[in-house]
Amino acid sequence: MKNQENIDKAKILIVDDDTLMCENLVEIMQSLGYDTDCTTHAVEARGKLSKNFYNILMVDLKLSDGDGLGLLKYVKEINPETMTIIFTGYASLESSISALNEGAFGYLQKPISIEEVKILIGKALRMQQLSIENKELLEKLKELSLKDIETEVYNHKYLIERLNSELLRAKRYALSISLAMIDVDYFNSINGLYGHAYGDKILKELAKYLKQFIRGMDVVTRYGGEEFIIILPDTDKQSTIRFTERLLGDIENHIFDSQDKKIKLKVSIGIANFPEDDLNISEAYGLIHLVEKAVSLAKERGGGRLLTLNGKEAEGPGEDTQENIENLKQKLSKIEKRMHQTFLESIYAFAKTIEAKDFYTGEHCEHMVSLVVSIGKKLNLSEKEMEDLGHAAMLHDLGKIGIPDEILLKKGKLTDSESEIIRKHPQIGAEIIRHIHFLKDVAPIILYHHERFDGFGYCSGLKGKEIPLGARIIAIADVYQALTSDRPYRKAYSMEEALKIIKEGSGTQFDPEIVKVFFEIIEAKKE
């Protein structure tokens, strides 16, 4: 209901130098409940756009003091969320393509059909709402990717990024920066006695305690397991020693889980400082190595103490140092993989909302994964390419979430305008995931999976090897799965009929090399 409420309150700006046309459109839009402004001048339109947010900009391609494409470019610069609909009485293929290439949502030919305007505006508002919600979701996911889920403090990834940034600043302005690592002694005894869930509860309470203890400019991060690292910017070594001595004493006197088991913790603390401990540190891992070594020695001496190192003890490019650095890299790699998995689970859950509307799409995607992976293996794709291919198979129809149910589930033949709407789903899907960095190579596969080998596909008319390899693989698997599945408007084809259609499309609709591999896989499955 919240989405519908936002749509109902939409603001629309109409720009047309035909005063009568402008007034008629305003009257129609207001009758539909939209807050509508109108102007006949491009200059006045720019002023309105700079002062107000409009959900929809409807603009004539030709204006007495400007043009619609100029306003389209302007609004994309100042407010990219505004959806622009271009209309004109002088349409041409070139002008239509130019408008869409510049980011117009829709293009209308005068005289304008009122019903077509209603449909297009409704679609634009739903697309806008989806885009806004997607950005909000991605922001939340980004924030979650930098936080440790269990303790709600910053995670290892954030530690590395922030520490590198602070080191750069410290070097530039001749400042100090310190690290304090807190490692809970004998923590396995808590897990063994009370269980891991209870141990997680105590770690969460410790993390909260550390956040309350630090100064405003300090940062608490979880390094791994029962280890936490505090970043202390602009802090010299002696100040860090005083700070951590007080922290050590306070933790030992603090009662955790005070309402129930009343746990007391014993911790080892190590500190390291740039530049006092090592003037030549160039990246986060160098300073982390020093603080790890300090904590390790504190634990060797029985724990429950604070230890720092001087530069001489901390130096040395021996095998232990290299081994520790490799261990750190492995830890970081594992954490990044977990983060990516969390991202993917969220995006897959998002994609699954389509299945609720169209059961075919949900099953279709899952069946496709097996098929495209088999093709990828036959083509000797790299591990990264195989991973991207699997993600693309699961997400290639993600853009259907922006297609109205009455079109997506229609049992009869689609009209030309309905077909055009359906053809936007690759673009919608690619737009949804393009901001996710580790899926950047998946977006082109999704965008171009309906291109044809002969150049007569959509959305961009690419042909032959211009089409990404992953998109050419998805194209065959997509059509085969569609042909062999029941649809609202027809029964499934038999395997023989589907294979005949695929074979006939070799060299025109499909890449003949991939068709050959596809048939080899099908024959192997038959045998």
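The values are calculated or read from the model by the stated rules, or taken from the named source; none is laboratory data. Every value quoted in this text rests on a predicted model; they were computed, and no experiment measured them. Note that we place each Cβ from the backbone using ideal geometry, even for glycine, and neighbour counts take in every protein chain shown.
Structural remarks
- In region 411-437, the residues that are among the polar types (S, T, N, Q) form Cβ pairs under 6 Å with partners that are assigned to a loop (DSSP other than H, G, I, E, B) and at pLDDT below 90, at six or more places apart or across chains, as follows: GLN427/CYS459.
- In this structure, VAL15 does satisfy being within 38 Å of the chain's Cα centre (by Cα), in contact (Cβ under 8 Å) with a residue 40 or more places away in the chain and at negative phi.
- Candidates LEU137, LEU130, LEU93, filtered to the one that is under 30 Å from PHE228 (Cα atoms), at pLDDT below 80, surrounded by fewer than 20 Cβ atoms within 10 Å (Cβ to Cβ) and of a type in the set (A, V, I, L, M): LEU137
- The one condition from (1) within 24 Å of the chain's Cα centre (by Cα); (2) touching a residue at least 60 places away in the same chain (Cβ under 8 Å); (3) assigned by TED's automatic domain parsing to the domain that holds LEU265 that ASP183 does not meet is (1).
- Test: residue in region 235-252 that is in a strand (DSSP E or B), surrounded by 12 or more Cβ atoms within 10 Å (Cβ to Cβ) and small (Gly, Ala, Ser): no
- Answer from SER145, SER189 - the residue that is at pLDDT below 85, of a type outside the set (A, V, I, L, M, F, W, C) and buried (at least 16 other Cβ atoms within 10 Å of the Cβ): SER145
- The listed residue being assigned to a helix (DSSP H, G or I), in contact with a Pro (Cβ under 9 Å, 6 or more places away or on another chain) and at pLDDT 85 or above, out of ILE375, ILE445: ILE445
- Residue match in region 73-81 (condition: surrounded by fewer than 16 Cβ atoms within 10 Å (Cβ to Cβ), modelled with pLDDT of 85 or more, hydrophobic (A, V, I, L, M, F, W, C) and part of a helix (DSSP H, G or I)): yes
- Residue match in region 204-213 (condition: modelled with pLDDT under 85 and closer than 18 Å to SER268 by Cα): no
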